[in-house]
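J.: Sharing a structure below in structure tokens format, with a few things to ask.
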Amino acid sequence: MPGVTEREIAQAKQMNLYQYMQLCEPDNFKPEGPGQFRHKGHSSLSFAENGTWTYFKTHATGRTAVDYLIKVEGVPFVEAVREINRIQGGCIPSFQSVQAPTPPVQPKPPREFRLPQPDPNSYAATAYLRKRCIHPNVLSFCKQKGIFYQTSIKNHPNCVFVGRDGEGQAKGGSLRGCGAQQFRRDIPGSRKIYPFYIEAAVETDTVEVYEAPIDAMSGASLRILQHDGNWHSVHYLALGGTGYAALDAYLTYFPNIQRVVLCLDNDEAGRTRTQEITKHLAGSGKTVQDRAPPLGKDYNDTLVQFTQEFRQRCMTLDDILEETR
């Protein structure tokens, strides 16, 4: 088969994956966060509005639609170039006199990620999470690791939950209002492949998967309150929603993980995504367990109810003094 010219290659590379998906597969992807999308046919493929993509199944990355056809769909290089140029309206061979193609409108570059400035203290954020019954040991550990702190926006305090890569470097995160103004949002520039996680302090092959950072902290707190072994004995991961880009990324960061415990919410979205992730990991060699919250909608509900019942069963100091009289 004849090859392709440098002009044809250059024109084909002008189309990124996001542009290709909009033109050719508009019904085959779905949003998974601000500026992030998931391919429905290739569930391990996530991509952004600027075209950058990661195929977690093979660890392939790229930006152009040509790379996608070659590395994901298995299309030979020459055929991939010709297919993209056909979609773009064709490319006249370079020996003919032609005008240079009009470059496509370039999308805005992704916003640079930067953690917000920490407040001098984290009193409001700590009080908020203690009200949600998060154990002091968990809070102290997360503060020490720098994955939880407080920042204020227009005098409104917020919890900051830091997302990290496999080396522990901050690459993402989310905010949770902890004052009178309640809101949740991702920190600008964050990507779902950089999740909030509490790493185990011992060698382990188990990760517990939750939807939100507070749920992950709740799972750790429950293990402490229920005296269920060393709470540092497993990893705790927050997806930042119900999309599983964070889980795919985490399993590449920690390839020794063999047991995935799904602790997603007791609602339709959580139950549906649990089934989807179980199917997604089928054949991976990993053991997948569904551990839905035993009480309430999510694991923070479970923690709050368990803590309230625990306090009701415990004797107060006045009760003890009364019995000794």
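J.: Does the range 112-147 hold any residues that are without any contact (Cβ under 8 Å) to a residue 40 or more places away in the chain, in a helix (DSSP H, G or I) and buried (at least 16 other Cβ atoms within 10 Å of the Cβ), and which are they?
T.: The answer is THR126, and nothing else.
J.: Right, another one. Being of a type in the set (A, V, I, L, M) and buried (at least 18 other Cβ atoms within 10 Å of the Cβ) is the filter here; which residues of the range 10-25 pass it?
T.: ALA12, MET15, LEU17, MET21
J.: Answer yes or no as to whether GLY243 is part of a loop (DSSP other than H, G, I, E, B) and open to solvent by less than 40 Å² (accessible area, probe 1.4 Å).
T.: On the way: part of a loop (DSSP other than H, G, I, E, B): yes; open to solvent by less than 40 Å² (accessible area, probe 1.4 Å): yes.
Criteria met by GLY243.
J.: With among the hydrophobic types (A, V, I, L, M, F, W, C), free of Cβ contacts under 8 Å to residues at least 24 places away in the same chain and not in a helix (DSSP H, G or I) as the only criterion, which of ALA200, ALA282 stands out?
T.: Working: ALA200 fails: free of Cβ contacts under 8 Å to residues at least 24 places away in the same chain.
After ruling out the rest, the residue left standing is ALA282.
J.: Filter the range 76-90 for residues that are hydrophobic (A, V, I, L, M, F, W, C) and under 22 Å from ALA48 (Cα atoms); which is most open to solvent (accessible area, probe 1.4 Å)?
T.: ILE87
J.: Looking only at the range 169-185, filter to residues that are assigned to a strand (DSSP E or B) and at pLDDT below 90; which one of those is surrounded by the fewest Cβ atoms within 10 Å (Cβ to Cβ)? So that I can check it myself, show each step before the final result.
T.: Restricting attention to the range 169-185, the residues satisfying the condition of being assigned to a strand (DSSP E or B) are 170-177, 184-185.
Adding the requirement that they be at pLDDT below 90 leaves 184-185.
Working: ARG184: 14, ARG185: 12.
Filtering the range 169-185 for residues that are assigned to a strand (DSSP E or B) and at pLDDT below 90, the one surrounded by the fewest Cβ atoms within 10 Å (Cβ to Cβ) comes out as ARG185.
J.: Specify which of the listed residues (ARG63, ARG38) is among the basic types (Lys, Arg) and more than 22 Å from ARG273 (Cα to Cα).
T.: ARG63
J.: Can you find a residue that is open to solvent by 60 Å² or more (accessible area, probe 1.4 Å), among the hydroxyl-bearing types (Ser, Thr, Tyr), modelled with pLDDT of 85 or more and under 25 Å from the mean Cα position of the chain (by Cα) anywhere in the range 58-65?
T.: yes
J.: So which residues in the range 266-315 are open to solvent by less than 30 Å² (accessible area, probe 1.4 Å), under 20 Å from GLN226 (Cβ atoms) and either under 18 Å from the mean Cα position of the chain (by Cα) or not β-branched (Val, Ile, Thr) (or both), if there are any at all?
T.: Within the range 266-315, PRO293, ASP298, TYR299, ASN300, LEU303 meet the criteria.
J.: Continuing with this model, one more query. Within the range 152-162, can one find any residue that is in a loop (DSSP other than H, G, I, E, B), farther than 26 Å from TRP231 by Cα and out of contact with any Leu (no Cβ under 7 Å at 6 or more places or on another chain)? Don't jump to the end; show me each part of the working.
T.: Pass one, the range 152-162, residues in a loop (DSSP other than H, G, I, E, B): 154-155.
Then drop every residue that is not farther than 26 Å from TRP231 by Cα, which leaves 154-155.
Cutting the leftovers down to out of contact with any Leu (no Cβ under 7 Å at 6 or more places or on another chain) gives us 154-155.
Yes.
The values are calculated or read from the model by the stated rules, or taken from the named source; none is laboratory data. Here the structure is a predicted model, which means the values were calculated and not measured. Cβ atoms come from the backbone with ideal geometry, glycine included; neighbour counts cover every protein chain shown. Just so you know, the surface numbers come from the protein's heavy atoms only, side chains and all, with ligands and any DNA or RNA stripped out. Shrake-Rupley method; radii C 1.70, N 1.55, O 1.52, S 1.80 Å.
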